[in-house]
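Working notes, structure below.
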Amino acid sequence: MSADAGGLSASSEALPKEKRLAKRREFLRVYEAGRKLFSRYSVLFFAANGLPYSRIGITATKKSGKANVRNRLKRWTRETYRRQRAPLGIDARALDVVVNIKPNAAQAAWPDFSLDLQRALRRVVSESASSRS
């Protein structure tokens with residue numbers, strides 16, 4: 001397999017930059033205007049964004065551990081979100097979702113963390129649907 005073939009498949013499945021929250025004001029808008037959900041390993045905030053797609057922002061404080069631990073948790077969060085976007089129809093809801101990873105997530109195993117975040121994302125989708133009705 002060539003290096004290009006590997007790069008193409010990775011980039012086609014990657015979460016595009018426009019579907020990520022990056023600026024402080026975007027995070028603050030979700031915190032102030034949105035709703036909050038708690039799960040075992042994270043706190044999720046979500047608000048409608050008026051765009052044709054959903055975006056995600058991820059935070060992990062230094063309480064979670066050193067940079068390599070925080071980066072691993074953020075990668076896990078992005079991967080779980082990316083895999084659940086289509087099955088849950090998250091993009092159709094046009095939401096901004098901010099995931100604040102709790103410090104106890106540093107001790108979590110990938111299957112536990114992923115399952116917990118999947119459940120939380122399902123709740124985000126169901127609560128966003130009920131608030132629109």
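Any read-out appearing in this document is the output of simple, stated calculations on the displayed coordinates, not a laboratory observation. Remember, it's a predicted structure, so these values are computed and weren't measured experimentally. Positions of Cβ are generated from backbone atoms using ideal geometry, with glycine treated the same way; all protein chains shown enter the neighbour counts.
Couple of notes before you dig in:
- Those residues of the stretch 72-108 whose amide nitrogen sits under 19 Å from the label point placed on K66, 7 Å along Cα→Cβ: 72-76, 103-108
- Take every pair of alpha-carbon atoms less than 8 Å apart whose residues are at least six positions apart; their mean separation over the length of the stretch 15-128 yields a relative contact order of 35 percent.
- Within a Gaussian network of the chain (alpha carbon springs, distance under 10 Å), most fluctuating of E79, E13, E32: E13
- Going from the fewest other Cβ atoms within 10 Å to the most, the residues V43, V125 appear in the order V43, V125.
- Length added when fully stretched, A94-R75, from 0.36 nm per residue minus Cα-Cα: 4.6 nm
- Inter-label distance, R119 to R25: 3.8 nm, where each label sits 7 Å from its Cα along the C-beta direction.
- Fully extending the segment from E127 to R40, taken as 0.36 nm per residue of separation minus the present Cα-Cα distance, adds 29.5 nm.
- The chain - share of DSSP beta bridges that are antiparallel (%, nearest 5): 60
- Counting only residues at least eight positions apart within a chain, or on another chain, the lysines with an alpha carbon under 23 Å from that of K17 are K74.
- In the stretch 50-133, the trypsin sites (Lys or Arg not before Pro) that fall in loop regions by DSSP, at most 10 other Cβ within 10 Å: K66
- Taking label points 7 Å from Cα along the Cα-to-Cβ direction, W110 and A14 give a separation of 2.0 nm.
- Projecting the Cα atoms of A92, Y81, Q107 onto the charge dipole of the stretch 15-128 (Cβ charges, centred on the Cα centre) puts Q107 farthest toward the positive pole.
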